[in-house]
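Take a look at the structure below.
The values are calculated or read from the model by the stated rules, or taken from the named source; none is laboratory data. Remember, predicted model here, so these are calculated numbers, not experimental data. Positions of Cβ are backbone-derived with ideal geometry, glycine not excepted, and every protein chain shown enters the neighbour counts. Each accessible area value is taken on the protein alone, full model and side chains, heavy atoms only, with ligands, DNA and RNA left out. Shrake-Rupley method; radii C 1.70, N 1.55, O 1.52, S 1.80 Å.
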Amino acid sequence: MKKKPYGGINDIPQYLLEQYGDRGRMIRQGPPVAMDTKSMETISGRKTRNCSVVAVTRVIDYYRRRNKIESVPEDIRHIYKDVEEIAESYGYTDKIGTLPFFISGIAREAFAKYGVKTKCRGIYIWSFEKQVVKEICAGRPVIMNIARGFYKDHTVVVSGYCIWQVGEKIYPMIRVIDGWKSGYHYIDYKAFARDIRQSIFGSFNTIEVF
């Protein structure tokens with residue numbers, strides 16, 4: 001059976017059938033975190049290597065709506081411009097993008113621009129339960145940078161999860177906004193973890209707003 005990519009999944013039952021031989025059943029689902037799902041190109045006005053800048057922008061826009069933060073612009077495109085300016089001070093360019101180690105600093109500084117205090121952490125030893133389940137159940141989206149495979153050198157926003165069972169085996173699925181296209185897609189966490197285990201450069205960035 002041909003190995004399928006761990007990400008970009010639209011139809012989970014069909015994916016499970018093709019990858020593991022059965023359509024499976026969902027046994028658990030986390031609370032959805034409703035976010036702006038426009039493409040990176042729509043938000044920024046151009047197609048370039050700005051996935052991390054857009055990811056931070058989405059998270060700020062989410063808290064603007066959830067916490068009714070009046071200091072944050074209502075237009076997500078205006079937020080993007082502010083975040084991009086801060087990212088440039090961290091070395092961001094259209095050609096090279098953003099170094100993953102700077103994502104938390106960019107997010108912290110961007111929130112501070114609007115007078116919002118945050119705790120932003122880059123996490124390089126991670127687990128599904130701690131960095132996905134715990135954060136999503138608390139209503140906190142997570143920025144995820146990926147070093148290998150389908151989403152190589154790409155940053156997505158985690159906005160939910162669900163857990164599926166095929167036979168006796170359990171398959172956690174992460175709901176993400178990847179920005180390549182609008183809408184939500186899924187990552188097979190087990191397949192992703194196998195794909196990335198040789199690399200230390202995959203990270204989760206958690207953001208807590210006070």
Note to self: C-alpha centroids of the stretch 26-59 and the stretch 72-110 sit apart, in Å, by 14 Å
Enumerate the residues in the stretch 95-117 having an amide nitrogen under 15 Å from the point lying 7 Å beyond the Cα of Asp153 toward its Cβ. 95-101
Between Ile125 and Trp180, how high is the FRET efficiency from 1/(1 + (r/R0)^6) when r is the Cβ-Cβ distance and R₀ = 30 Å? Nearest 0.05. 0.65
Just the number, please: carbon plus sulfur as a percent of the accessible area of the stretch 12-209, 1.4 Å probe, no ligands or DNA/RNA counted. 50 percent
What number, in nm² with one decimal, is the all-direction average of the projected area of the convex hull of the alpha-carbon atoms of the stretch 101-210? 7.5 nm²
Per-residue SASA entry for His185, accessible area with 1.4 Å probe, Å² rounded to 10: 20 Å²
Here, trypsin sites (Lys or Arg not before Pro) of the stretch 73-124 satisfying both criteria (DSSP loop; at most 14 other Cβ within 10 Å) are Lys95, Lys117
Taking a cut-off of 29 Å between Cα atoms, list the lysines near Lys81, but don't count ones fewer than 8 places away on the same chain. Lys38, Lys47, Lys68, Lys95, Lys113, Lys117, Lys119, Lys152, Lys181
Of Lys38, Lys181, which has the most accessible area and how do the rest follow, probe 1.4 Å? Lys181, Lys38
Between Asp11 and Lys95, what FRET efficiency comes out of the Förster formula 1/(1 + (r/R0)^6) with R0 = 41 Å and r the beta carbon distance, rounded to 0.05? 0.70
As a test of reading the structure, rank Phe102, Phe210 by solvent-accessible area (1.4 Å probe, protein chains only), most first. Phe210, Phe102
Just reorder Glu85, Glu74, Glu18, Glu129 by solvent-accessible area, largest first, 1.4 Å probe, all chains present. Glu74, Glu85, Glu129, Glu18
Leaving out ligands, DNA and RNA but keeping every protein chain, what accessible area does Tyr124 have, in Å² rounded to the nearest 10, with a 1.4 Å probe? 90 Å²
With every protein chain kept in place and ligands, DNA and RNA left out, what is the accessible area per residue of the chain? Probe 1.4 Å, answer in Å². 50 Å²
Computed over the stretch 12-209, the Cα gyration tensor eigenvalues, each multiplied by 5 and square-rooted, give semi-axes in Å (largest first) of 29, 18, 15
